[in-house]
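Structure first, commentary second.
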Amino acid sequence: MKIALDFRPKLFQSLKSYSKEKFINDLMAGIIVGIVALPLAIAFGIASGVSPEKGLVTAIIGGFFVSFLGGSSVQIGGPTGAFIVIVYGIIQNFGIEGLVIATFLAGLILVLMGLLRLGSVIKFIPYPIVVGFTSGIALTIFTTQMKDLFGLTVDRLPGDFLSKWAVYAQNISLISWWSLLTGLLSIAIIIMTPRISKKIPGSLVAIILMTIIVYLMRRYLGITGIETIGDNFEIRATLPQPEAIPLNMETVNRLLPSAFTIALLGAIESLLSATVADGVTGDRHHSNTELIAQGAVNIVVPFFGGIPVTGAIARTMTNINNGGRTPVAGIIHAIVLLMILLFFGPLTRHIPMPCLAGVLIIVSWNMSEWRTFRSLLKNPKSDVIVLLVTFFLTVIFDLTIALEIGLLLAMVLFMKRIAETTRVSVTTDKIDLSEETGFIHDDEALTVPEGVEVYEIDGPFFFGIANKFDECMKQLGGKPKARIVRMRKVPFMDSTGLHNLESLCRLSARENIQIILSGVNEKVRDVLIRNKMDERIGSENICSNIHEAIEKAELFLQKQPCCVRTH
C-alpha cells in the first residue's frame, strides 16, 4: 500500500485543475521542444552507435512515458549526451543485443530504486563525482566526433580515448576540407543563432541550412566528399515492431555492471534535471515517482530497439522557457517527433554527418562545465582527488569503472575526514564543566577521583576511530581502578566500535577494572542493549551524565581494598 501511495504521477494531479489557457501554453512549448529534440535525437542515436531512427524512437517513447508517469511537471525525457559513451562502449563489447539487455536491466534497477524510496539518497552522491564524469563524457563525445568533422574515411574506430587520437593522427592526411568547412559552419550557425532569436534552436537552423547547401553542392556541383546520414543509414517512416529480449543468466551477469551504471547515471541526471526545474518553476517533484517512471520507460524502450532514456536538462529548460507547466507539454513533444518520423523521416537522409558532428561538439562544450571544473580545483584536496580520478577514469577507461572507483574513493576519503575530526581525549585530574548543558554547577570543574581515568570520544564511534581509542589507552600504560567512557558527543556506534568496546570490557574485567559509560544517547543505548552490553557492563553503569558516572566510580572505589593510582 505504501509503495502505491508513493507513486504519484504529476500528470493526473495536473489534470485536476487543467484549463484551456494551460493547454495553449503546453501546446506551444511541446511543439518547440519537439523541434529542438529532433536534431539531438538523431545525433545522439548515431553517436551512440545505433541508427538515427533508433534515436528518434527513443525520444518518442521516452518523451511520452516520462511525461505520462513521471514525478515532475515539466521534465522532458529522451536520449541524452551523457549516455553516448556508455552505450557506445556496450555496443562495442556486447553488440546491440547486449545494449538491449543492459537497458532492460537498468529499467528494473530504477524501478526497484523508486519502490525502495531511494530518490533522496541519490542526491547524496558527491558533486565532484558528478562534475568529473560529466566533464569526462563531454571530452569523450568531442573525441568521437572528430572522424565526421574531418571527414576521415576510417572503417572502425577503436573504443578507447588514446587509441582514437592515435588513429586520427595516422590519418591526418585524409582530411576532407569540404567536411571540415561544413562542420565549422554548422558550429558557427549554432553559436550565432541565439543572438538573432532565442526562440529558434540553433541546431535546427544549422541542420536545415547545411542540409540544403550540401544537397545543392552534391547535386549541382558534383562535390561528393561530404557524407550524409543516407550514406550510412536507412530511415524507415514507421515505428519498429516490438521484439523479444533474449535474457539468460550468463549475459545478465556480464551486463549487470553496465546496467547498474546506466541506472545510476539515469537517476542522477533525471533527478538533477527535475531539481533544476523546481528551482525555476517553484514546483516540487516526486523523486521516487520519477525513478519509477524512468525505470518503466527503460523497460519498454529496449523492446523497440531504443537506447537508454533519462531526463534531459536542456530540453526541460526549453520547455519551461516556452511556457510549458504540465506533463501535457512533454506528451505533445513526443507526438510532434512521431509526426516528423512518419511524414518527414526519409528527408533526414540528406543531413550531413559533419553538421551532426558540429551539433554534438556544441553539446559536449555545454556539458563540459569547465568553469565549475576549474573552480572545484580550488577545493580541499580530497574533493580535487575525487574530481580528477573520476574525470581521467571516464576518459581513459569507461564510465562504469569511473563511477565505481569514484564513489569508493569518495567514501574512503569521507570516512578518513570523519575519523580525523573525531577526537579521543583522556582526563585523570579535573573535568571542565563549562560546556555542560542541563545542569547547574557550583564549580567550573569536576575532580576525578584517584584511580579513575576518564576517556571522552568526540564524534561517531565507528571503525575509523576504534584504533585511535586503543592507541590512546596504550599511551598511558597505567592500570586504573575504573575507566569512565564519556559518550555525550557520540551520535552513533557501528559494529566495529561495539567490538572495540566489548574488547575493552573483556580486558578490563581480567584486570578487575570497572567500565562506566557516561552521557549515552538513546540511539547508542539501544545498540548497546540489543547487543547485551548492558549485561556485560551492568545496566547501572550506563549513566546519563558525568556526575552520575563519577558517583558510580566512587562507590566502586570504596569497595576496593586499595585505591592508590599505580601510574
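The values are calculated or read from the model by the stated rules, or taken from the named source; none is laboratory data. Small disclaimer: the values here were computed from a predicted structure and weren't measured. Every residue, glycine among them, receives a Cβ derived from its backbone with ideal geometry; neighbour counts consider all protein chains shown. Ligands, DNA and RNA are stripped out before the accessible areas are found, and what is left, the full protein with its side chains, is counted by its heavy atoms. Shrake-Rupley method; radii C 1.70, N 1.55, O 1.52, S 1.80 Å.
Please count how many residues of region 50-81 are open to solvent by less than 10 Å² (accessible area, probe 1.4 Å) and either more than 22 Å from Ile362 (Cβ to Cβ) or not in a loop (DSSP other than H, G, I, E, B) (or both).
The total comes to 19.
Given the criterion touching a Phe, Trp or Tyr at 6+ places or on another chain (Cβ under 9 Å), surrounded by fewer than 24 Cβ atoms within 10 Å (Cβ to Cβ) and either among the aliphatic types (A, V, I, L, M) or in a helix (DSSP H, G or I) (or both), identify the matching residue among Leu139, Leu108, Leu112. Give the derivation first.
Details: Leu108 fails: touching a Phe, Trp or Tyr at 6+ places or on another chain (Cβ under 9 Å); Leu112 fails: touching a Phe, Trp or Tyr at 6+ places or on another chain (Cβ under 9 Å).
From the options Leu139, Leu108, Leu112, the qualifying one is Leu139.
Working only within region 154-177, note down all residues that are in contact with a Ser or Thr (Cβ under 9 Å, 6 or more places away or on another chain) and not charged (D, E, K, R).
Here is the first cut: in region 154-177, the ones in contact with a Ser or Thr (Cβ under 9 Å, 6 or more places away or on another chain) are 157, 161, 164-165, 168, 171, 174, 176.
Within region 154-177, Leu157, Phe161, Trp165, Tyr168, Asn171, Leu174, Ser176 meet the criteria.
Looking at Ile187, Ile200, Ile208, Ile191, which is the one that is within 28 Å of Ala314 (Cα to Cα), open to solvent by 20 Å² or more (accessible area, probe 1.4 Å), of a type in the set (Val, Ile, Thr) and over 33 Å from the mean Cα position of the chain (by Cα)?
On the way: Ile187 fails: over 33 Å from the mean Cα position of the chain (by Cα); Ile200 fails: over 33 Å from the mean Cα position of the chain (by Cα); Ile191 fails: over 33 Å from the mean Cα position of the chain (by Cα).
Every option except Ile208 fails the conditions.
Which residue out of Ala509, Ala419 is at pLDDT 70 or above, more than 30 Å from Lys559 (Cβ to Cβ) and open to solvent by less than 80 Å² (accessible area, probe 1.4 Å)? Can you show your working first?
Details: Ala509 fails: more than 30 Å from Lys559 (Cβ to Cβ).
Just one listed residue meets the conditions, Ala419.
Name the residues in region 287-310 that are part of a loop (DSSP other than H, G, I, E, B) and more than 17 Å from the chain's Cα centre (by Cα), would you? First the steps, then the outcome.
Start the filter on region 287-310 by keeping residues that are part of a loop (DSSP other than H, G, I, E, B), which leaves 305-309.
Gly305, Gly306, Ile307, listed by residue number.
Could you identify the single residue in Ile42, Ile90, Ile24, Ile86 that is surrounded by fewer than 24 Cβ atoms within 10 Å (Cβ to Cβ) and not basic (Lys, Arg)? Step through it out loud before you land on a result.
Numbers: Ile42 fails: surrounded by fewer than 24 Cβ atoms within 10 Å (Cβ to Cβ); Ile90 fails: surrounded by fewer than 24 Cβ atoms within 10 Å (Cβ to Cβ); Ile86 fails: surrounded by fewer than 24 Cβ atoms within 10 Å (Cβ to Cβ).
Criteria check complete, one pass: Ile24.
I'd like the residue in region 155-182 that is of a type in the set (Val, Ile, Thr) and in contact with a Leu (Cβ under 8 Å, 6 or more places away or on another chain) and, out of all such residues, is farthest from Ala47 (Cα to Cα).
So the first thing to find is which residues in region 155-182 are of a type in the set (Val, Ile, Thr), and the list is 167, 172, 175, 182.
With the extra rule that they be in contact with a Leu (Cβ under 8 Å, 6 or more places away or on another chain), the set shrinks to 167, 175.
Values: Val167: 18, Ile175: 20 Å.
Among those residues, the one meeting the criterion is Ile175.
For residues that are open to solvent by 20 Å² or more (accessible area, probe 1.4 Å), assigned to a helix (DSSP H, G or I) and in contact (Cβ under 8 Å) with a residue 24 or more places away in the chain, scanning just region 387-403, find the one that is farthest from Tyr127 (Cα to Cα). So that I can check it myself, show each step before the final result.
Of region 387-403, the ones open to solvent by 20 Å² or more (accessible area, probe 1.4 Å) are 388-389, 391-393, 396-398, 401.
Imposing the further condition that a residue be assigned to a helix (DSSP H, G or I) reduces the set to 388-389, 391-393, 396, 401.
Checking which are in contact (Cβ under 8 Å) with a residue 24 or more places away in the chain leaves us with 388-389, 391-393, 396.
Values: Leu388: 12, Val389: 13, Phe391: 12, Phe392: 16, Leu393: 16, Ile396: 21 Å.
So, considering only residues that are open to solvent by 20 Å² or more (accessible area, probe 1.4 Å), assigned to a helix (DSSP H, G or I) and in contact (Cβ under 8 Å) with a residue 24 or more places away in the chain, the one farthest from Tyr127 (Cα to Cα) is Ile396.
Among the residues of region 368-382, is there at least one that is part of a helix (DSSP H, G or I), touching a helix residue (DSSP H, G or I) at 6+ places or on another chain (Cβ under 6 Å) and small (Gly, Ala, Ser)? Please lay out each step first, then the result.
So the first thing to find is which residues in region 368-382 are part of a helix (DSSP H, G or I), and the list is 368, 370-376, 381-382.
Filter again for touching a helix residue (DSSP H, G or I) at 6+ places or on another chain (Cβ under 6 Å), leaving 368, 372-373, 376, 382.
If we keep only those that are small (Gly, Ala, Ser) too, we end up with 368, 382.
Yes - at least one qualifying residue is present in region 368-382.
Would region 248-258 turn up any residue that is loosely packed, with under 14 Cβ neighbours inside 10 Å, small (Gly, Ala, Ser) and either free of Cβ contacts under 8 Å to residues at least 12 places away in the same chain or on the phi < 0 side of the Ramachandran plot (or both)?
no
Here is a yes/no grid of residues against (1) in contact with an Asp or Glu (Cβ under 9 Å, 6 or more places away or on another chain); (2) closer than 22 Å to Val131 by Cβ; (3) among the charged types (D, E, K, R):
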| residue | (1), (2), (3) |
| --- | --- |
| Ile245 | yes, no, no |
| Val252 | no, no, no |
| Thr275 | no, yes, no |
| Val297 | no, no, no |
| Val300 | no, no, no |
| Phe304 | yes, no, no |
